[in-house]
Every structure is written in C-alpha cells, then in structure tokens.
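Have a look at the structure below, then the notes.
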Amino acid sequence: MWEFSIMLQSCHSNIAKFLYNGIKKNVEEVDGVITSFEQNDTIHIVVACREEEKTRLFFYVKSFITEAICSFFKTTFLKNNLKINLKNKISIVAFERALEYFDRETDRYLVEKNLVFNKNINLESFFEFKIKVLKNKWLELTKIANENSSYLLTDDTFYELLKFLIENIEISYDTINIILNTDGYTMLDENFKCIENFKECGDGVWLIENIIALSPRKINVYSDSETDEICLINNIFANRTNILPKESVKIVDKIF
C-alpha cells in the first residue's frame, strides 16, 4: 500500500478544501482512500492506494498541489508584495489576476519538477525552501511592477501593460458570451450554457477575475451600455472582443 500525506497550516483551510475535493475524485478512480484531519494547527490530507496505482494517483496529486501553489500561494504573495495604488477595485483586480496567470506554464514547471514520491509534503516548507527559484521569480515580478507603478496611473499605459500580460497568458477557453443584465453579468459558453466549475453570474469584479482566468479566444459581450468592466475587457483583449446589442442575444438563441 502506497501512502502520501499533504500538510498545511490551519489558516489555509480553503486550500485544504480545494485539494481534498479535487483529489478525492481521482482517489476513488483507483479504489484508494483519502482522509483529512486537523492536529496542532496543521491540516493533514492523507491518500493511499495499491502500490501498482501509485504512479497514476501521484500524477493527479501533483497536478492539484501545483495548481494550489500557482493559484492560492501566488495570489497571496502578490497581495502581500504589490505596492500599487490604482484608481479603482476593477483595475486592481485585473492587474493582480493578470500577474497571477502571467507565465503560468513556467510556474507549473518549476513546481512539478521538484515534487517527488516522498511520504509527505508540507506545502509551506516546500514553497519556502524547495522552490526558492519560483518565489524569487514572483518577487522580481512584483519588484518591477512596484518600481514602475507611477506609469500605471494613466489609462493608456495601464491598458498597454495589461494587454502585454494578457497576450502572454495561455488561451484556455474558446468562446465566452457575456450578457449584462440589471442584476449583474451572466457568463456562458459558446452555446449559451453554464461553464463547468464557474458560477453563471456575478458583479463586475467577478467578471474581470474570471474572464482573465479563462483567457478565451473569443469574447462576445451583449450590452446596450458601456460599463467600466466592458470598456476594460474591450481594451485589454483587443481583437478577441465583439460588443453586440443586447437584443441580438434572442437572435442567437434561436440558432441553438
């Protein structure tokens, strides 16, 4: 029987929940077991399976650990180290999200190449001591941003920098349809259906966070007014965005 334990501080319960729920599905595929418990301010997630299934299961475990570090850890790192005063919440969220996903493939590579078949891993220690090169990479990124923060106060310069970051984020979705309603934004796939693992609707901050995370190839925005969020999307996604009258949603709906 192969056993592997993931440990992290209790204050990171959101990361523990992400790891447990994600890995659980893959553990069940190999008829393994997974459990979670808290002891001395430390959360333990323990997975186990037959020896012949360990390579397959560790592949999934590695994927979720990598995602946790490249998403949750990087988000926290950026919030703690960025010293930029942008003019509104939407701009701040857009900038942080773009930096989070910028050069994601290199981030993932640096994490994965250092993950090995040990019996356990402490995520905080792994981040602090085993992948210092990744931490230094993020530190350099925030240093450059902080040193040039004064240039981000004008819209033109801010949009240009965001466009550069966006263009260097891997496209992970084909077409997104955004509809502006009286109660907020609805974000749907190319067939006007809900997107798996994403809420269907939310406010402007939610929209910006998720549209950058998905980095779609094409964005259709159905709206009769130009809000700050729509203006931002139209600027930073440039040639990928189509602004259409809201009434055309009904026309498109009839096709499907």
Exercise for the section: From 177, 168, 181, grab the single residue that is of a type outside the set (Asp, Glu) and within 16 Å of residue 242 (Cα to Cα). Expected result: 177
Problem - Pair list, Cβ under 8 Å, 6 or more apart: segment 227-251 residue farther than 12 Å from residue 211 by Cα and in contact (Cβ under 8 Å) with a residue 60 or more places away in the chain, other residue among the hydrophobic types (A, V, I, L, M, F, W, C) and in a helix (DSSP H, G or I) - result: 228/90; 235/162
Practice task
Determine, yes or no, whether residue 139 is in contact with a Ser or Thr (Cβ under 9 Å, 6 or more places away or on another chain) and over 30 Å from residue 35 (Cβ atoms).
Solution key: no
Fill in the blank from the handout: Of the residues in segment 63-87, those that are open to solvent by 50 Å² or more (accessible area, probe 1.4 Å) and polar (S, T, N, Q) come to 76, 80, 85
Handout entry: Cβ-Cβ under 9 Å pairs, at least 6 apart or on other chains, segment 196-220 side at positive phi, far side in a helix (DSSP H, G or I) and open to solvent by less than 10 Å² (accessible area, probe 1.4 Å)
Key = 215/166
Practice task
Looking only at segment 1-35, count how many residues are closer than 20 Å to residue 67 by Cα, among the small types (Gly, Ala, Ser) and out of contact with any His (no Cβ under 7 Å at 6 or more places or on another chain).
Solution key: 4
Problem - Condition broken by residue 239, with the remaining ones in (1) under 24 Å from residue 105 (Cβ atoms); (2) surrounded by 13 or more Cβ atoms within 10 Å (Cβ to Cβ) satisfied - result: (2)
Problem - Inter-residue pairs, beta-carbon under 6 Å, first in contact (Cβ under 8 Å) with a residue 24 or more places away in the chain and in segment 135-148, second part of a loop (DSSP other than H, G, I, E, B) and hydrophobic (A, V, I, L, M, F, W, C), 6+ apart - result: 142/82
Exercise for the section: Test residue 195 against the criterion of being open to solvent by less than 80 Å² (accessible area, probe 1.4 Å) and either aromatic (Phe, Trp, Tyr) or closer than 20 Å to residue 90 by Cβ (or both), and give yes or no. Expected result: no
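Quick grid of which residues meet (1) among the basic types (Lys, Arg); (2) outside any helix (DSSP H, G or I); (3) open to solvent by 90 Å² or more (accessible area, probe 1.4 Å); (4) farther than 22 Å from residue 207 by Cα:
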residue: 95; (1), (2), (3), (4): no, no, no, no
residue: 99; (1), (2), (3), (4): no, no, no, no
residue: 114; (1), (2), (3), (4): no, yes, no, yes
residue: 169; (1), (2), (3), (4): no, yes, no, no
Problem - Hits in segment 35-58 (condition: free of Cβ contacts under 8 Å to residues at least 40 places away in the same chain and crowded, with 19+ Cβ neighbours inside 10 Å) - result: 43
Handout entry: Count - residues of segment 129-142 that are assigned to a helix (DSSP H, G or I) and open to solvent by less than 70 Å² (accessible area, probe 1.4 Å)
Key = 6
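The values are calculated or read from the model by the stated rules, or taken from the named source; none is laboratory data. Please read all numbers here as calculations on a predicted model, not as lab measurements. As a convention, Cβ positions derive from the backbone with ideal geometry for all residues, glycine included, and neighbour counts pool all protein chains shown. Each accessible area value is taken on the protein alone, full model and side chains, heavy atoms only, with ligands, DNA and RNA left out. Shrake-Rupley method; radii C 1.70, N 1.55, O 1.52, S 1.80 Å.
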